[in-house]
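The values are calculated or read from the model by the stated rules, or taken from the named source; none is laboratory data. Keep in mind that what you see is a predicted model, and the values were worked out from it rather than measured. Positions of Cβ are backbone-derived with ideal geometry, glycine not excepted, and every protein chain shown enters the neighbour counts.
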Amino acid sequence: MKKAPSKEQIRSEIEHQVDDYLARGGRVLQVERGVSARIGSDGPFSRSGPVLQQPRAERTPLDQVVAQLEARRRPAPPQPATPRAKGPRKKPVLDDFGEIIRWVWEE
């Protein structure tokens, strides 16, 4: 099984990748703290977005579905116990630790 890389190895790998990117002419844009990617982020969140303008959908009652599921969950009625045939039965012989040593037949 392979060992997972340590955090130090991950950090050095990321730093190496960034250095390679910058060496090939890439650049990193600095974004000021607190700036949002939201368009028109001048004021508070606007509730006039397309998702919030839709009317509320009517709820579908699920009482019958829940009743059907509950009916399936109920256990089946108990079956009458069948009388066991009288005769010898196999019984385990256990050691002090609860391990089976052997099986014996018992009347």
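Hey, can you tell me all the residues within segment 76-94 that are of a type in the set (Lys, Arg) and not in a loop (DSSP other than H, G, I, E, B)?
Within segment 76-94, ARG89, LYS90, LYS91 qualify.
Listed here are the residues, each with its yes/no results for (1) of a type in the set (Phe, Trp, Tyr); (2) exposed (fewer than 10 other Cβ atoms within 10 Å of the Cβ); (3) modelled with pLDDT under 75.
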| site | (1), (2), (3) |
| --- | --- |
| SER6 | no, yes, no |
| ARG11 | no, no, no |
| PRO44 | no, yes, yes |
| ARG74 | no, yes, no |
| ARG89 | no, no, no |
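Quickly run through segment 15-33 and pick out the residues that are β-branched (Val, Ile, Thr) and surrounded by 10 or more Cβ atoms within 10 Å (Cβ to Cβ).
Listed by number, the list holds a single entry, VAL18.
Looking at segment 95-103, can you tell me whether even one residue there is over 31 Å from the mean Cα position of the chain (by Cα), at pLDDT 85 or above, part of a strand (DSSP E or B) and of a type outside the set (A, V, I, L, M, F, W, C)?
Looking through segment 95-103, at least one residue is over 31 Å from the mean Cα position of the chain (by Cα), at pLDDT 85 or above, part of a strand (DSSP E or B) and of a type outside the set (A, V, I, L, M, F, W, C).
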